[in-house]
Amino acid sequence: ASDCRGGEPLLEALPAEVIVHADKGYDTDRVRQIIENQGAAPNIPPKANRRWKNCFSPFLYRDRNAIERMFGRLKDFRRIATRYDRLAVNFLAAVQIAAFVSYWL
């Protein structure tokens, strides 16, 4: 399954009046429609092959880089990157510990 299909349940839980930043892989009409139906605004760069270029703000998109760096730091921990824990509770605890250690180092 594509990332677009996997991300749809997360998009349905969006709070209203937010801006959703996503990369070009999520530039589909369906994803945009779900975001707009929740009362949020999509800020997704258009794919090169898209005929209609939508509204996009590169200035706001820069904030997305901080999230990408955070996930990169978490993946430095082998336990997180390989999903060593089978139980969701244990995995969440490992992510929280890794985030705490990453924040203070």
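Details
- Residue in the stretch 43-52 that is out of contact with any strand residue (DSSP E or B) (no Cβ under 6 Å at 6 or more places or on another chain), part of a helix (DSSP H, G or I) and surrounded by fewer than 12 Cβ atoms within 10 Å (Cβ to Cβ) present: no
- Of the residues making up the stretch 4-23, at least one is under 12 Å from the mean Cα position of the chain (by Cα), loosely packed, with under 11 Cβ neighbours inside 10 Å, among the aliphatic types (A, V, I, L, M) and outside any loop (DSSP other than H, G, I, E, B).
- Scope the stretch 77-94; condition touching a residue at least 12 places away in the same chain (Cβ under 8 Å) and open to solvent by 90 Å² or more (accessible area, probe 1.4 Å); matching residues: Arg79
- Yes/no for Arg86 being outside the structural domain of Val20 (by the TED database), in a loop (DSSP other than H, G, I, E, B) and among the basic types (Lys, Arg): yes
- Verdict on Ile67 being touching a Phe, Trp or Tyr at 6+ places or on another chain (Cβ under 9 Å), surrounded by 10 or more Cβ atoms within 10 Å (Cβ to Cβ) and either of a type outside the set (Ser, Thr, Tyr) or within 30 Å of Thr28 (Cβ to Cβ) (or both): no
- Residue check, Ile97 open to solvent by less than 100 Å² (accessible area, probe 1.4 Å) and free of Cβ contacts under 8 Å to residues at least 40 places away in the same chain: no
The values are calculated or read from the model by the stated rules, or taken from the named source; none is laboratory data. Being a predicted model, the structure only gives us computed values, none of them experimental. We place every Cβ from the backbone using ideal geometry, glycine too, and count neighbours over all the protein chains shown. The protein model used for the area step is the full one, side chains on, heavy atoms only, and it has no ligands, DNA or RNA in it. Shrake-Rupley method; radii C 1.70, N 1.55, O 1.52, S 1.80 Å.
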